[in-house]
Structure formats: C-alpha cells, structure tokens
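Asker: Once you've had a glance at the structure underneath, I'll fire off some questions.
The values are calculated or read from the model by the stated rules, or taken from the named source; none is laboratory data. Here the structure is a predicted model, which means the values were calculated and not measured. Glycine also receives a Cβ, built like all others from the backbone with ideal geometry; neighbour counts cover every protein chain displayed.
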Amino acid sequence: MKRDYQDLVAPLDDVAAALDYRPPERVFPPLDDVGAMDAAQDLPAPMAPPVMSMDSFPPLVWDVVDAATRASEAHPVAVAVHFISLFCCAIGRNAFQHIGDATVHARPFFLVVGKSGKARKGTSEVTAREVARLADALLRKRNGSTDRLRIHDGGLSSGEGVAWAIRDPRAPDDNGKGADPGVRDKRLMVIESEFANLLAQTKREGNTLSAIVRNLFDGRTLEPMTKTNQVTASDPHVVVTGHITMHELREKSTENDAANGLLNRFLAVHVYRPKLVALPRKTDPAVMEALAARMADAIDFATRGDPHGRNTLEVSLSAAASECWCELYPEISRDREGVTGSLMARSEVYARILAMVFALLDRRSTIEPGDILMAAQWVDYWRQSIDYIWRAGDEADDLDDFTKAVLRKVMEHPGIKLADIQEHWKRKRTAEVNASLETLANLAPPLVEMRRDASGGGRPAHRYYPVGGQ
C-alpha cells in the first residue's frame, strides 16, 4: 500500500514517543531568569518548518522518496531534489520548451538548507545516486553506449575549472602542439556539499565563478577571459545542487548575491532530520533495480537514446494546462518584499521547468494541469523555506537571556523609549541594553525596529517597536 507524506517522516517503528524527533516548535526557548514564565506567550508566534504537500511528487519521484526514507533519517524533499537533479542532468539538452522566444531546458539548480550534520543533507542523496548509477549502467547496455553520467562532488573554486571539465576540442597550433580532444559529454552533475565555500570563492578578487555559475544556469557557452590556456565550453548542461546550513547562508550571502542573480538561480529548500533511525536498513536490491529501470525508461523517452542531442523533444502545455497556468500565474509571479522577493525572482521559470520535468518523468511531452499544480506547490515550499530560514532560522535560538529580556520589554510595550528600557535595569546595564537592541535590530529579518519621535519637541526620542507592530 502506498504511504502518504506523513508516513515518510514518521518514526520507523511504533517505539517510544521519545524517539520521535520533531523540529523545534518555538522560535525562542522559555525565559529562564527574566520574570514570569507566562510572559513567553507575548513573544512572536513561532514559525513551523515548511511542509510539502503529499501530492507534490510525481509517481516515480514518490517511489524513490518512499524507498529512501523508509529506513533512514533522510528528509523527503531532500531526496526528491537529488533525484530530480540527477534525472535532469541525464537527459541533457534534448527536452526543451519555448517560453516566449527563450528556449528553456531542464537544468534546475537546488540549494538544500539545514542544520549541519543533523539535517542529513548528505544522507538524502545516497539512494538517488544509486538509482541513477543503476539506470546509467542499464542505458549503456541498452543503447550500446560508453557514456557515463559524471558526478562531481563539489569543490568548485574557479570558472576556468568548470569550463575545463566540459571543454571543447582544440586543434593543434602551427607547430603541431596544443591539440586537445576536449570532452564530448557536456553533462555534469555537481553536488556541492560545501556551498558556503562556493560563496566564499565568488568574493575573491578576479574570481569568475559567480559569472560562470550564472551562465551555466542559462546554458550559455563558457569562454573565461584568461591570457593563457584559453578554454571554450559550448552548450553546457551542468546541474548544480548545493548543501549549506541556515547560519552559513545568512552569514555568507549578501544582498549583492541575490541582486546580481547568483542566489536567485537556486531553488532553496529547507530540510531537517524528520525522525530518528538508529539502525538504517539497506533498501532491497530488487526495489532499487525496479526504480532504476523506470528512471532509464524516462531518460530514454526524453533523449531518444542519445543524451548528447540538442532540442530533439519539444515539451508544450496542453490546452487545459495553459488555462491552469494562466489562473495560477498571478500568484506564482507576484512581487514579494525583502529577501524573499530577491531570491524568488525566477519563480515563474522554475515553475515551468519543474512542470516539464514532471511530465518527462511520466514519459509525456505534454504538460498537464497536474504537472502545473505540483510545480506550484514546489514554488510555495521554496517561499516557505526562505521565510523560515531568514525569519525563524537558528539565530533566535542563540539569543542570550538578557537579549530575550530586552525583546520581551519591547513586545510588552510597543513604542517604549530607550530611556525607559534602560531604566528597567536602573541604568546599570545601559551598554548591554544598547548592544541587545542592536542585535535584535540587525537580525535577518529584524525582530525590533527603532523610530525617532520628535512630537514632543526638542531632541527626538528613540522608540522601539516589535517588527510588524503598530
């Protein structure tokens, strides 16, 4: 019997409730030393981690997720991300759809975000990679090919290095030297387990990695500008999936990363360890082989047996899907404020890419309303993830008790003057009050804001309000 989504994150067996792991239900732990405990209810309402609708996975993706999560601590969405990425890389630039005058391929970039070690980001890729490996071997045998899907396990440090991995052939110079056969297979799956390193590399002076990653998403020919060892990589099909913690993403990303189009090319999903499994079990080999055969069939459908083809299968919207898309388009493409808006600037494109992928996984070249609805749910999970990462995150959990006490005063008395906050501690902890207010105002997003009030004449008073307060 097919399990539902809650089964995927339920405990492995009906054991003691203590083994049933749950993500934190509070943004702030109880206040220990700052007064009555009932004051905690005045703090901002806690945010729950995002939840993916149980009907957001196509049948093949669902079955891979089911196999991967049945006896492991992997998060369903993280498993789905890795499987979808591997499938998209395997089909190359064959399948496409027209969006206006643009030709769009199945080349999503994902960012898996969760706490270090405890989110099981690495665990989530194991089953998907094994299914892809078996499918790749089956396709080589079926089509008499020697091609192997290449998976690069991270460590991207320069744009030139990426271009070299998928470089074009080069003829010898006049002296008969410098010939290079190049790399025929332009497909490359990059699983960047230390995405924070990639962000750090992009900030090095003269590093071209940011521009290269943006061009890879767009499928543009790579021609890094170097004086020596000039390399060209035409028609790249590189799929990137990054792993990063919430803290690293907030700390190392900048407004410029979103504004210049680097981070908004990545669909970010928040994941966590949904249950404890002390003794993970190996998936039945027969199940893995059956999933691999279905994946191979879907790849064969999309590529017609040639993963190196170019625009050989056009995917289009059915009449019903077009109507569904037009109905959902205002919500999918609406402008959003702040970091959410910056990072989701490509929500419409991603919805169409995912809808195409879901159709191809079902071996269809026509997108139906169900594909559009599933894609819209993924976009909504993206939005929930960004809101959670930046608003709930784990920074608030790390606030010291004194800062929580300052926050409580602001929550209890919106518009409270700085002097009144300081007076609460008899002006003996003025420096600490100022430091705590600065911390609360500089969180991403802030929990308090300061407004200057000149209504009383003279020097304006500094008044503090909870964000969202009146």
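Asker: Could you please give the count of residues in segment 31-66 that are surrounded by fewer than 19 Cβ atoms within 10 Å (Cβ to Cβ), modelled with pLDDT under 85 and at negative phi?
Answerer: Within segment 31-66, residues that are surrounded by fewer than 19 Cβ atoms within 10 Å (Cβ to Cβ), modelled with pLDDT under 85 and at negative phi number 18.
Asker: Something else now. Within the group Val406, Val379, which residue is assigned to a helix (DSSP H, G or I), touching a strand residue (DSSP E or B) at 6+ places or on another chain (Cβ under 9 Å), in the same structural domain as His75 (by TED's automatic domain parsing) and hydrophobic (A, V, I, L, M, F, W, C)?
Answerer: Val379
Asker: Follow-up question, since we're still on this one. I'm told Gly155 meets every condition in (1) outside any loop (DSSP other than H, G, I, E, B); (2) modelled with pLDDT under 90; (3) touching a strand residue (DSSP E or B) at 6+ places or on another chain (Cβ under 9 Å) except one. Can you identify the failing condition by its number?
Answerer: Evaluating Gly155 over (1) outside any loop (DSSP other than H, G, I, E, B); (2) modelled with pLDDT under 90; (3) touching a strand residue (DSSP E or B) at 6+ places or on another chain (Cβ under 9 Å) leaves (1) as the failure.
Asker: Looking at Leu149, Leu139 in this structure, which one is among the aliphatic types (A, V, I, L, M), modelled with pLDDT of 90 or more and more than 25 Å from the chain's Cα centre (by Cα)?
Answerer: Leu139
So that you can scan it fast, the table gives a plain yes or no per residue for (1) without any contact (Cβ under 8 Å) to a residue 24 or more places away in the chain; (2) more than 21 Å from Val349 (Cβ to Cβ); (3) not aliphatic (A, V, I, L, M):
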residue	(1), (2), (3)
Ser85	no, no, yes
Cys88	no, no, yes
Asp101	yes, no, yes
Thr123	no, yes, yes
Gly144	yes, yes, yes
Asp147	no, yes, yes
Ile151	no, yes, no
Val162	no, yes, no
Ala171	yes, yes, no
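Asker: Here's something else I'd like to know. Does Asp173 qualify as being surrounded by fewer than 16 Cβ atoms within 10 Å (Cβ to Cβ), closer than 26 Å to Ala78 by Cβ, assigned by TED's automatic domain parsing to the domain that holds Ile353 and out of contact with any strand residue (DSSP E or B) (no Cβ under 8 Å at 6 or more places or on another chain)?
Answerer: Spelling it out, it is not the case that Asp173 is surrounded by fewer than 16 Cβ atoms within 10 Å (Cβ to Cβ), closer than 26 Å to Ala78 by Cβ, assigned by TED's automatic domain parsing to the domain that holds Ile353 and out of contact with any strand residue (DSSP E or B) (no Cβ under 8 Å at 6 or more places or on another chain).
Asker: Please work out which residue is surrounded by the fewest Cβ atoms within 10 Å (Cβ to Cβ), limiting yourself to segment 105-124 and to residues that are at pLDDT 90 or above and outside any loop (DSSP other than H, G, I, E, B). Working first, answer last.
Answerer: Keep residues of segment 105-124 that are at pLDDT 90 or above, which gives 105-113.
Narrowing the set further to residues that are outside any loop (DSSP other than H, G, I, E, B) leaves 105, 109-113.
Numbers: His105: 22, Phe109: 26, Phe110: 25, Leu111: 24, Val112: 30, Val113: 29.
Among those that are at pLDDT 90 or above and outside any loop (DSSP other than H, G, I, E, B), it is His105.
Asker: Tell me, which residue of segment 169-187 that is among the acidic types (Asp, Glu) and modelled with pLDDT of 85 or more is farthest from the chain's Cα centre (by Cα)?
Answerer: Asp180
Asker: If you take the residues of segment 194-223 that are among the hydroxyl-bearing types (Ser, Thr, Tyr) and over 30 Å from Thr123 (Cβ atoms), which of them is modelled with the highest pLDDT?
Answerer: Within segment 194-223, the first condition is being among the hydroxyl-bearing types (Ser, Thr, Tyr), and the residues that meet it are 202, 208, 210, 221.
Now drop any that are not over 30 Å from Thr123 (Cβ atoms), which leaves 208, 221.
Details: Thr208: 80, Thr221: 91.
By that ranking, first place goes to Thr221.
Asker: It is to be established whether one or more residues within segment 67-83 are assigned by TED's automatic domain parsing to the domain that holds Asp284, modelled with pLDDT of 80 or more and surrounded by fewer than 20 Cβ atoms within 10 Å (Cβ to Cβ).
Answerer: yes
Asker: Kindly indicate whether Arg150 is surrounded by 14 or more Cβ atoms within 10 Å (Cβ to Cβ), under 25 Å from Ile299 (Cα atoms), among the basic types (Lys, Arg) and out of contact with any His (no Cβ under 7 Å at 6 or more places or on another chain).
Answerer: Yes, satisfied.
Asker: Let me ask something else about it. If you check Arg364, Arg346, Arg336, which single one turns out to be surrounded by 14 or more Cβ atoms within 10 Å (Cβ to Cβ), without any contact (Cβ under 8 Å) to a residue 60 or more places away in the chain, closer than 30 Å to Arg150 by Cα and not aliphatic (A, V, I, L, M)?
Answerer: Sole residue among the options that is surrounded by 14 or more Cβ atoms within 10 Å (Cβ to Cβ), without any contact (Cβ under 8 Å) to a residue 60 or more places away in the chain, closer than 30 Å to Arg150 by Cα and not aliphatic (A, V, I, L, M): Arg364.
Asker: If you scan segment 45-97, which residues turn out to be assigned to a loop (DSSP other than H, G, I, E, B) and aliphatic (A, V, I, L, M)?
Answerer: Of all residues in segment 45-97, those assigned to a loop (DSSP other than H, G, I, E, B) come to 45-58, 70-75, 92.
The answer is Ala45, Met47, Ala48, Val51, Met52, Met54, Ala71, Ala74.
Asker: Out of segment 298-322, which residues are surrounded by fewer than 16 Cβ atoms within 10 Å (Cβ to Cβ), in contact (Cβ under 8 Å) with a residue 40 or more places away in the chain and of a type outside the set (S, T, N, Q)?
Answerer: Those that are surrounded by fewer than 16 Cβ atoms within 10 Å (Cβ to Cβ), in contact (Cβ under 8 Å) with a residue 40 or more places away in the chain and of a type outside the set (S, T, N, Q): Arg304, Gly305, Asp306, Arg310, Glu314, Ala320.
Asker: Quick one: which residue in Ile166, Ile191 is modelled with pLDDT under 95, within 21 Å of the chain's Cα centre (by Cα), over 30 Å from Ser318 (Cα atoms) and β-branched (Val, Ile, Thr)?
Answerer: Exactly one residue qualifies, and that residue is Ile191.
Asker: Still on this structure, I have one more. Filter segment 224-251 down to residues that are assigned to a helix (DSSP H, G or I) and out of contact with any Asp or Glu (no Cβ under 8 Å at 6 or more places or on another chain) and give me whichever is modelled with the lowest pLDDT. Reasoning before the result, please.
Answerer: The first filter runs over segment 224-251 and keeps only residues assigned to a helix (DSSP H, G or I), leaving 246-251.
Okay, now just the ones that are also out of contact with any Asp or Glu (no Cβ under 8 Å at 6 or more places or on another chain), so 248-249, 251.
Working: Glu248: 84, Leu249: 85, Glu251: 75.
Taking the candidates together, the pick is Glu251.
Asker: Would you confirm whether any residue within segment 429-436 is outside the structural domain of Thr340 (by TED's automatic domain parsing), charged (D, E, K, R), at pLDDT below 85 and in a helix (DSSP H, G or I)?
Answerer: No, because not a single residue in segment 429-436 is outside the structural domain of Thr340 (by TED's automatic domain parsing), charged (D, E, K, R), at pLDDT below 85 and in a helix (DSSP H, G or I).
Asker: Tell me, please, whether a residue that is among the basic types (Lys, Arg) and without any contact (Cβ under 8 Å) to a residue 40 or more places away in the chain can be found in segment 376-384.
Answerer: No, segment 376-384 contains no residue that is among the basic types (Lys, Arg) and without any contact (Cβ under 8 Å) to a residue 40 or more places away in the chain.
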